[in-house]
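Read through the structure below, which is laid out as structure tokens, and then see the notes.
Just so you know, all these numbers are worked out from the coordinates, no wet-lab data involved. Only a predicted model underlies this, so the values are computations on that prediction, with no experimental measurement involved. Neighbour counts run over all protein chains shown; Cβ positions are idealised from the backbone, glycine included.
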Amino acid sequence: MTKSFSTLRNRMSPEARKRAAAKAKRMLAEMPLNELREARRLTQEQLAEQLGVGQAHVSRLERRADMYVSTLGRVVEAMGGHLEIRAVFPDGTVALKRLAGG
């Protein structure tokens, strides 16, 4: 017999729920481009249409290890977001401007 997720979650200790929530947050904070697209409930075809390119182009973009910041900014904007880039140092974080057209 299967159990609902809420039933299983309710059986977890508060500490286990906290650890699970932290792990989920980390996983969402660090996501490959294809998983981000899927999390936004977009197909490659839908994203390609938003970008004005073919589906094969989106597939190649998602497999790339490196791309222009402006290209990444356009992809994120086509998904409905905006790209922010930060430099993180031991003594603080600085938002970098004018890298993705912003």
*Using label points projected 7 Å from each Cα along Cα→Cβ, tell me how many nm separate Ala16 and His82, to one decimal.*
4.2 nm
_the chain - convex hull of the alpha-carbon atoms, volume per residue in Å³_ = 160 Å³
_Built amide H within the under 5 Å cut-off of Ile85, gap 5+_ = Leu96
_the chain, helix-only ellipticity at 222 nm - DSSP H runs n ≥ 4, -39,500 (n - 2.57), divided by all residues, nearest 500_ = -16000 deg cm²/dmol
*Could you check which residue among Val76, Val88, Val58 shows the biggest mean-square fluctuation in a GNM of the chain with a 10 Å Cα cutoff?*
Val88
*Give the order of Arg64, Arg40 when sorted by the count of other beta carbons within 10 angstrom, beginning with the fewest.*
Arg64, Arg40
*asked:* Applying a 10 Å radius around every beta-carbon, put 79-85, 8-14 in order of their mean neighbour count, most first.
replied: 79-85, 8-14
